[in-house]
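Since the structure comes first, as structure tokens, the remarks are kept for the end.
The values are calculated or read from the model by the stated rules, or taken from the named source; none is laboratory data. As the structure is a prediction and not an experimental result, all values here were calculated from the model. Here the Cβ positions follow ideal geometry from the backbone for every residue, glycine too, while neighbour counts run over all protein chains shown.
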Amino acid sequence: MAEITLPPSLKAHQSPAGSHHLGLKALFYGPPKSGKSFALASFPSPIFALACGENGIELYLHPEKGDVSVFVGDAATYTEALTFALRHPKVASIVVDSVNLAFEDWMSSWEDSLGVEEIKGGNWKKVKGPWKTLHRQVMLSPKHVGLSAWPRGAKYVEEETPSSRPGAEPSKKLRILEQDSPHVEKMLPFAVDMTLKTEIELDKRFAPTSIHRITYMGGRRPVSIPANELYAGKFWRFDAKRVDEESPFDKVLKPIIEKWQQGAVEYINLDQREGEREVGEANNLYEDQLIGSCLASITAAVNLDALKTAWSNNEAAINALPPDKRAIVTRAKDARKKEL
């Protein structure tokens, strides 16, 4: 079999073909009280929970198992909390409830920081760049990560019907289109492995029942799972009246995780090219951010010992950069070394 050899500029970006990152990343979306927070709290403990904008998940956490929760209301706290959880060796699962409210707070924080009423034009990169790089780290983390979100609201579309009378204006009317998708920033659906919809089943009189439903809406399918076992539209039902009912994690995600090691190669209900573009942009932003941070540390070094420490603290990340970007940091280190 012919082997494809990558050039050095691409070698640093290579990921193992037919495989993916450990830890399962799931996005749950649905209306209020449909089971999103309960599903997130069923992830393996110890759980580090980010409660964003509403207090929904704390009730279901288990402090006796090491679960902790922090309330997040701005971009700085969200970044600090998520970074802490990603790096902490004892955190098994990270959950964000709700990530759409986290992004609203993120936007508001940046509007205050930039002194504008609305993020527009050139400010978008300043605002979304750090968000993308942060969730790139979520995507690559070996930890389990669960996110919840509200569904998108109805979309109003203006339709025109040509008049049958010559010269008359066409008639216009608004059409309401339901959007069955999570109300999240564009990067997130591609940063997670699967998207799941939560809902409560109604009876014949449209009254809520005790039956909760979780539906697989799309994502990546491990090659070890046959297509007829994981497909868009597959659903699981839970009876809230049963005291011995399995948890959402045990019933839905655990059987998938047990086969997750063998790789995920098939995209379901996702635009793969769009995903590659979003993830690629996040990766470039992360690399640029890393270079800036390294250059600042090198410049701040007051002696050779401090320079050595600055380099060793970032050496693994620097070595993972593409050759052209790694050279920027290396040249700066060598120049500072001569100065000192």
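Filter the stretch 71-93 down to the residues that are of a type outside the set (S, T, Y) and within 23 Å of E111 (Cβ to Cβ) and list them by number.
Quick first cut of the stretch 71-93, residues of a type outside the set (S, T, Y) only: 71-76, 80-82, 84-92.
Across the stretch 71-93, the qualifying residues are F71, V72, G73, D74, A75, A76, E80, A81, L82.
I'd like the residue in the stretch 66-85 that is among the β-branched types (V, I, T) and not in a strand (DSSP E or B) and, out of all such residues, is surrounded by the fewest Cβ atoms within 10 Å (Cβ to Cβ).
At the first step, the residues of the stretch 66-85 found to be among the β-branched types (V, I, T) are 68, 70, 72, 77, 79, 83.
Keeping just the survivors that are not in a strand (DSSP E or B) gives 77, 79, 83.
Working: T77: 17, T79: 17, T83: 12.
Selected residue: T83.
With the structure loaded, tell me whether G121 is part of a loop (DSSP other than H, G, I, E, B) and either without any contact (Cβ under 8 Å) to a residue 24 or more places away in the chain or more than 24 Å from D288 (Cβ to Cβ) (or both) or whether it fails that test.
On the way: part of a loop (DSSP other than H, G, I, E, B): yes; either without any contact (Cβ under 8 Å) to a residue 24 or more places away in the chain or more than 24 Å from D288 (Cβ to Cβ) (or both): yes.
Judged against the criteria, G121 is a match.
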Matching residues, the stretch 231-262, being outside any helix (DSSP H, G or I) and in contact (Cβ under 8 Å) with a residue 40 or more places away in the chain = F238, S247
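A quick yes/no check of all residues on (1) within 20 Å of V72 (Cα to Cα); (2) part of a helix (DSSP H, G or I); (3) of a type in the set (D, E):
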| position | (1), (2), (3) |
| --- | --- |
| D105 | yes, yes, yes |
| K125 | no, yes, no |
| K128 | yes, yes, no |
| Q137 | yes, yes, no |
Within the stretch 189-230, track down each residue that is closer than 18 Å to G23 by Cβ, of a type in the set (A, V, I, L, M, F, W, C) and assigned to a strand (DSSP E or B).
-> M194, L196
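Results for (1) of a type in the set (A, V, I, L, M, F, W, C); (2) under 17 Å from the mean Cα position of the chain (by Cα), shown as yes or no for each residue.
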{"position": "F190", "(1), (2)": "yes, yes"}
{"position": "D193", "(1), (2)": "no, yes"}
{"position": "K197", "(1), (2)": "no, yes"}
{"position": "F206", "(1), (2)": "yes, no"}
{"position": "V223", "(1), (2)": "yes, no"}
{"position": "E229", "(1), (2)": "no, no"}
{"position": "R237", "(1), (2)": "no, no"}
{"position": "R242", "(1), (2)": "no, no"}
Select from the stretch 1-44 the residues that are at pLDDT below 85, over 24 Å from G219 (Cβ atoms) and in a loop (DSSP other than H, G, I, E, B) and list them in ascending order.
-> M1, A2, E3, I4, T5, L6, P7, A12
